[in-house]
Amino acid sequence: VAIVGVFVVSYRYTSHARGDERFLVYWAGMRSWLVNGDSPYSDATASYIQKLSVQSGDSNARVTYPLYGGIFFLPFAAIPNYALARAFWMTGLGVALLVTALLCLRMTGWRTSAWMYALFMLLGVTGYPSLSLLISGNATIFSALFLMAALEAIRLERDTFAGMLL
């Protein structure tokens, strides 16, 4: 229910305000590659991205992630509606924030009351740093999740899995 709620709020937000266009650059780059077969790094794709990003006026809006980083954006690039794709992306980021916070608690072994756990989770997911990354569509949230999951895997002596996550 919470995930559906996050999706609905994200979709309403993205339908009315595009926000930071960090996700737009990678969505459009991967979409151009998926639909037209154009390289995400080509000048034609950069022109396409710049046409879409008229709000920011950023003439340097180009895909800079390596192609293997685009794998994370590829499923969302299959969605032709940008607002819908971004709502799914923001929902995934929200889930990643929650799992990252849970992994932090698990790794530290912190034992406290239920209300203190709830407060930590609330602040961890709705604090300014988390919300600014979420609203901007920044993939750094997934990097933090993979890092925390790798540290947890190392703690559990699952070194191969930790290496894959890193």
Worksheet item: Where Rh is the Kirkwood radius over the Cα pairs of region 34-166, the temperature 20 °C and the viscosity 1.002 mPa s, what D in µm²/s does Stokes-Einstein return?
Response: 125
Response to the item:
In region 57-115 the accessible area split gives carbon plus sulfur, as whole percent at 1.4 Å, a share of 70
Response to the item:
With every protein chain kept in place and a 1.4 Å probe, the chain has an accessible area per residue in Å² of 58
Worksheet item: Say each of Asn81 and Ser42 gets a label point 7 Å from the Cα, pointing the same way as Cα to Cβ; how far apart are those two points in nm?
Response: 2.9
Fill in: Most mobile listed residue (Ser42, Ser53, Ser136) in the chain, GNM with C-alpha springs under 10 Å
Ser42
Worksheet item: Applying 1/(1 + (r/R0)^6) with R0 = 25 Å to the Cβ-Cβ distance of Leu67 and Leu147, what FRET efficiency is obtained, to the nearest 0.05?
Response: 0.70
Worksheet item: For Cys104 and Arg12 in one chain, what is 0.36 nm times their gap in residues minus the Cα-Cα distance, to one decimal in nm?
Response: 30.1 nm
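Which percent of the accessible heavy-atom area of region 118-157 goes to carbon and sulfur, probe 1.4 angstrom? Provide the component values of the computation, followed by the final result.
Numbers: 1690 of 2170 Å².
Roughly 78 percent, rounded to a whole number.
The values are calculated or read from the model by the stated rules, or taken from the named source; none is laboratory data. It should be emphasised that the depicted structure is a prediction, and the values quoted were computed from it without experimental measurement. Glycine gets a Cβ as well: all are built from the backbone with ideal geometry, and neighbour counts include every protein chain shown. When the accessible area is computed, the model is the full protein with side chains, heavy atoms only, and any ligands, DNA or RNA have been set aside. Shrake-Rupley method; radii C 1.70, N 1.55, O 1.52, S 1.80 Å.
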